[in-house]
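The structure appears right after this line, and notes come after that.
The values are calculated or read from the model by the stated rules, or taken from the named source; none is laboratory data. The shown structure was predicted, so the numbers you read here are calculated from the model rather than taken from an experiment. Note: ideal-geometry Cβ built from the backbone for every residue, glycine included; neighbour counts use all protein chains shown. Accessible surface is based on the protein model in full, side chains and every heavy atom, while ligands, DNA and RNA are left aside. Shrake-Rupley method; radii C 1.70, N 1.55, O 1.52, S 1.80 Å.
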Amino acid sequence: MPEIIIRSFAKFRELFGGTNSITVPPETTVSGTLLAFAKTRSASMDELFSGAELKSNIILMYNRERIDAEDAKTIIPADGDEIVIYPPVSGG
Amino acid sequence: MVLALQKEDIDISALIKNSRSTKDGAQVVFIGCVRDDGNMDALEIEAFVPVAEKDLRDISAEAIEKFGLTSVDIIHRYGRLELGETIVVILVGAGHRSEAYEGSRYIIERLKEKVPIWKQELSGNTRGEWVH
């Protein structure tokens, strides 16, 4: 079964830790991987999901490329791939 | 052109001197700094550095294309910054002031909406809110 790396920044890093990994069944999508991850942490579900849908203000990257919530429903990560999650940015 | 994230303070004079060319009729420097809002004594700035640096390169290329700039330098700091310290410097060169001003404004707005950098307020040893 593929092991997927999940990296978090800012508020999400404080809540979930900076780098985690999770093993998911084959053919699990990015969204499904994050749902499985969220179920392992009490704080995660409310922060990341509204029902079964990823919250719209969460920024996602898959292997360092930005994706949206619709992409997350179709992309199937492979073993060793990286998903990054972070809240809205505030640089400058 | 310098497009980077760093912890160290920024030598703005050196940046201006190194960037200027005989094509420039104007240079505009934007400096973002840590404002005292009365309820904090420092900022912690977190960045996803490799992605942020790629984004700075992309934004720089966009601005050069869009406004015909002769040069773009962007340096954004991260780590703990005290009140009054410099957070970011954006230096643009152009043939004329209007392009330089517009290019500078474009770059800071794109940076604030896109680049993975976050600010957290610090008060003593207490970590406060993430700024949005």
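Summary of computed values
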read-out	value
Filter pass, B:Ile59 being part of a strand (DSSP E or B) and either among the aliphatic types (A, V, I, L, M) or at pLDDT below 95 (or both)	no
Residue in region B:112-126 that is within 12 Å of another protein chain (Cβ to nearest Cβ), within 15 Å of the chain's Cα centre (by Cα) and of a type in the set (Val, Ile, Thr) present	yes
Selection from region A:32-46 of residues that are crowded, with 17+ Cβ neighbours inside 10 Å and in contact with a Phe, Trp or Tyr (Cβ under 9 Å, 6 or more places away or on another chain)	A:Leu34, A:Leu35, A:Phe37, A:Ala38, A:Ser44
Count of region B:58-77 residues which are within 21 Å of B:Val29 (Cβ to Cβ) and within 14 Å of chain A (Cβ to nearest Cβ)	5
Matching strands (runs of 3 or more DSSP E) fully within region B:1-51 where at least 2 residues are not aliphatic (A, V, I, L, M)	B:26-33, B:42-47
Residues of region B:18-39 satisfying the condition of being open to solvent by less than 60 Å² (accessible area, probe 1.4 Å) and either acidic (Asp, Glu) or within 14 Å of chain A (Cβ to nearest Cβ) (or both)	B:Asp24, B:Gly32, B:Val34
Filter result (within 13 Å of chain B (Cβ to nearest Cβ), farther than 15 Å from B:Pro50 by Cα and open to solvent by less than 20 Å² (accessible area, probe 1.4 Å)) within region A:59-82	A:Leu60
